[in-house]
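Participant: The structure that follows is given in the form of structure tokens.
Readers should treat all values here as calculations from the given coordinates under stated rules, not as data from a laboratory. Quick caveat, the model's predicted, so the values are computed rather than measured.
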Amino acid sequence: MNDSPGWASPGSAPSDGQETGIPKPSPPVDEGGPAGQWSPTQPPPGQWTPPAAPGNGPGAPPPAPGRAGMPPGSGWGGPPTAAKPGVIPLRPLGVGEILDGAVSTMRTHWRTVLGVSLTVSVIAEIVIVLVQRYLLPRPPTVDPNATGTEALRQATDSAQSELLTSAPSTLVAMIATLITTSVLTVVISRSVLGRGVTLSEAWSEARPRILPLVGLTLLLSLMSAAIMAVGVLPGLLLGDGAGGLALTFLGLFAACGVVLWLMIRFTLAAPALMLERQPVLTALRRSAKLVKGNWWRTFGILALTYLLVIVVTLIIAVPFGIIALAVDSDGLSELLDSNSTDFGWPFLIITGIGDVIISTLAYPFTAGVMALLYVDQRIRREALDLELARAAGVPGYDTPRN
């Protein structure tokens, strides 16, 4: 097992059908007595008492809390406490612990986390603002009084224009997400072991995996686009009547359900690709195995994560939007005019600053949740906690792996 950035060589997990020889805690060694034998001299039945210890005689003070006087179910009589060398305890995680671990990583390694997320966010936002200001075409004119075929044509042209204008921003955001996810996954893998990492170290670890991560993202995007096209194609072929529109709607709804199911099923592919250094197709299979039987739990955690991101986005974006409209006197009229994209520089700059703050916080949080979900599933299925404890140098887990 290597210590960074992943914790298992490709194909070594038990879920891949291989035995791994997972390290166990070192057994206590007692060289003073015979191994595996009872003492030849045994006390008479019913008369054995514990050996005397200092302070156990008549008139001794009561036992200290946490020893003989401890409450039932704690201390020696309770379950052992999980080791916690880093931001999470090394045991199956609850939802709150996954979210807290992502936030703790941001707080503990804030220099590295904010360094990569802020840098990428600023560059991405500058590119998006320049594209919005100079490259986006003016949207087509929409006549609210149009009916029939003309209304349908205008709606189609408007949808095509919206797709065209959003494509550059989506592409830039996707590239920014890939870079930050790759680097921050390395940071999170070190934080689980209680180790720090500099930005240069994280980048050197992540750089060889960026191209495979791009390939994974493109493959999932093409897969989603193909499913959506198959879903709406029968309705489009049927025509513009009521039957065609109904079939298109039903096909779109079914396609969205299939895409959602696949995206949750493959949501752990990126951490597997980064931390296990798996190829793209193997990473997809690893994710499917880890999520199997836990689809709804994974979906719930991701839904809660993105809900929190939306709340933070609104808290930050609304004040910046109000300030931008107040500073830019033409901003409100341009915003209300659906046929205009000529926002002034004050409006674009102020809203861009808000977007940078949002991205700087959202990128590491979502990347942290994804990585810790992967860690949690491997702990539950493959006893990865023992591997992590050994890699972190926790006492009693230092048996080298065979």
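Participant: If you average the alpha carbon positions of segment 217-266 and of segment 190-207, how far apart do those two centres end up, in angstrom?
Facilitator: 40
Participant: Need the full-extension length gain, VAL131 to ALA229, defined as separation in residues times 0.36 nm minus the C-alpha distance. One decimal, nm.
Facilitator: Values: separation 98, 0.36 × 98 = 35.28 nm, distance 2.81 nm.
Net length gain for the segment: 32.5 nm.
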